[in-house]
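Structure, as structure tokens:
Derivation of every value follows stated rules applied to the coordinates shown; laboratory data play no part. Note that the structure is a prediction, hence the values are computed from the model and not measured. We place every Cβ from the backbone using ideal geometry, glycine too, and count neighbours over all the protein chains shown.
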Amino acid sequence: MSIRLDLINSMLATTGTAKLSAADSTHPSYVIADAVLSEVIEEFSSRELWFNTAIRSLAPNVDNRVVVPGNALSCDPVDASLDYAVRGQYLFDLGNYTFDITAAVKCVIVTEMTLEDMPPIAIQFIRAHARLQYYVDQEGSGPKMQAYQQKTFQKDSELITLNMKHTDANFFNGKAYASFSTRRSATHSTVTRIQ
């Protein structure tokens with residue numbers, strides 16, 4: 001059974017619908033669940049996470065155009081002073097209104113991934129979120145909905161924690177800690193005591 005079908009069956013179970021053994025585009029509940037799942041995956045895939053985000057240097061081709069990878073959901077220059085955006089399959093210089101870019105550009109790229117390439121925690125979050133969304137769309141309510149909301153929140157928290165671990169996000173290594181631990185800012189003037 002594919003991961004997608006497993007997720008859809010999990011969604012259908014929230015309303016007591018029997019499992020399907022294969023994809024069935026004629027089954028009304030399957031069609032609804034599949035559409036909800038697609039929306040959840042699309043929204044989730046745009047998040048910058050350790051497994052779908054990389055910094056890559058993109059070099060211009062012979063026509064001085066920088067080609068953006070076909071599976072990129074977003075492609076932003078690391079250098080914030082570069083006013084580039086994705087247009088079609090190329091980077092576009094908004095400041096000079098041209099595709100003509102002559103130097104390599106280091107970019108943060110969020111890549112679209114298949115369910116099969118995602119880590120288990122990502123699948124768990126997608127399952128929890130899709131179950132909740134499908135149940136709500138089917139006019140579900142009450143304690144069952146609260147349980148689905150709690151599960152979604154729990155999996156989101158686990159995902160954020162794991163992302164922080166994999167990206168080495170550490171308060172003690174950042175600017176916030178430096179400001180917190182410094183008694184005086186460098187911008188404050190020193191006061192000379194006259195005696």
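Of note:
- Full-extension gain in nm, M164 to D6, via 0.36 nm per residue minus C-alpha separation: 54.1 nm
- Exposed loop sites, defined as trypsin sites (Lys or Arg not before Pro) outside DSSP H, G, I, E and B with at most 14 other Cβ atoms within 10 Å, are absent from the longest region of the chain, namely 20-182.
- In this structure the amide hydrogen of L73, modeled in the peptide plane, comes within under 5 Å of the amide hydrogens of V110, T111, E112, none closer than 5 places in sequence on its chain.
- Cα principal axis extents for the chain, largest first, Å: 82, 61, 26
- Our note on the geometry: Cα centres of the range 97-172 and the range 7-46, 18 Å apart.
- Over 14 Å [Cα-Cα, the range 1-57], rounded percent: 60
- Dipole moment magnitude, nearest 20 debye, the chain about Cα centre, only Lys, Arg, Asp, Glu C-beta charged: 1040
- Distance between modelled label sites at E116 and A23, nm, 7 Å Cα→Cβ extension: 1.2
- For the range 71-128: rounded, prolate or oblate by the Cα gyration tensor [a/c cutoff 1.5]: prolate
- Farthest towards the positive end of the charge dipole of the range 11-99, among the residues F44, A18, S74, is the Cα of A18, using unit charges on the Cβ of Lys, Arg, Asp and Glu.
- Given 14 as the ceiling on other Cβ atoms within 10 Å, longest exposed-site-free region of the chain for GluC sites (Glu not before Pro) in DSSP loops: 49-138
- Both radii were evaluated on the Cα set of the range 19-108; the Rg over Rh quotient, with Rh as the Kirkwood radius, amounts to 1.18.
- Electrostatic dipole magnitude of the range 75-117 [Cβ: Lys, Arg +1; Asp, Glu -1; Cα centre; debye, to 20]: 160
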